[in-house]
1. I want to make sure I understand the PRE zone here: with the label point 7 angstrom from the Cα of R51 toward its beta carbon, which residues in the stretch 3-30 have backbone N atoms less than 11 Å away?
2. Length gain on complete extension for the stretch A20 to E41, per 0.36 nm per residue less the alpha carbon to alpha carbon distance?
3. Would you tally the net charge around N7, using a Cβ to Cβ cut-off of less than 14 Å, leaving N7 out, and scoring K and R as +1, D and E as -1?
4. Would you calculate the separation in nanometres between label points at D63 and N79, each defined as 7 Å from the Cα along the Cα-to-beta-carbon direction?
5. For the stretch 1-62, what does the equivalent ellipsoid look like in terms of its semi-axes, each the square root of 5 times an eigenvalue of the Cα gyration tensor, given largest first in whole Å?
6. Which of the aspartates and glutamates could be linked to K60 by a straight reach, that is with a Cα gap under 20 Å, when you skip same-chain ones fewer than 8 residues away?
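Laboratory data are not the source of any read-out in this text; all were calculated from the coordinates shown. Note that the structure is predicted; figures quoted are calculated from it, not measured. For neighbour counting, all protein chains shown are included, and Cβ atoms are generated from backbone atoms with ideal geometry for every residue, glycine included.
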Amino acid sequence: MPTRNLNILITGATSGIGEALAVYYAKTSAKNLFICGRNPERLKIVENKCRNFGSVVYGKIVDVTDKETLSAWISECNNIAKLNLVIANAGIGMPNENICMLMSAPILFFPFSLLRNVSLLTSLLRNVVRSYPGFLLS
């Protein structure tokens, strides 16, 4: 039986790498697992998969490009259980037929990834770091 002592937050957990990480941590070490995504049906499926492994799972639809919503969600999660690990995995999903457009214009998607990570880091600094006395981020 795994030792469940981590409180983990994962963005973009409704498919792909995010889903795989959520299931992995549910199997191995997550006491509390906070996951978000854009697809409500997929979110419920991943929540149920993870609960089957014994983690307490909190799923929410969150637009990670909305700084206020993201910050409020991180604060809410951290108030429930002090976060030990945060994985910024959310990205832009698109149908396969648009892959050519993606390959021809990668610069359009770079700002989204950068914005997502800056928003997440800013929210973490506001909501999580101050709850850990002596924690230094450099």
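1. none
2. This chain segment gains 5.9 nm when fully extended.
3. That sum, taken over residues with Cβ under 14 Å, equals +2.
4. The modelled label-to-label distance comes out at 2.2 nm.
5. Those come to 18, 10, 9 Å.
6. Qualifying aspartates and glutamates at Cα under 20 Å: E19, E41, E47, E68, E76.
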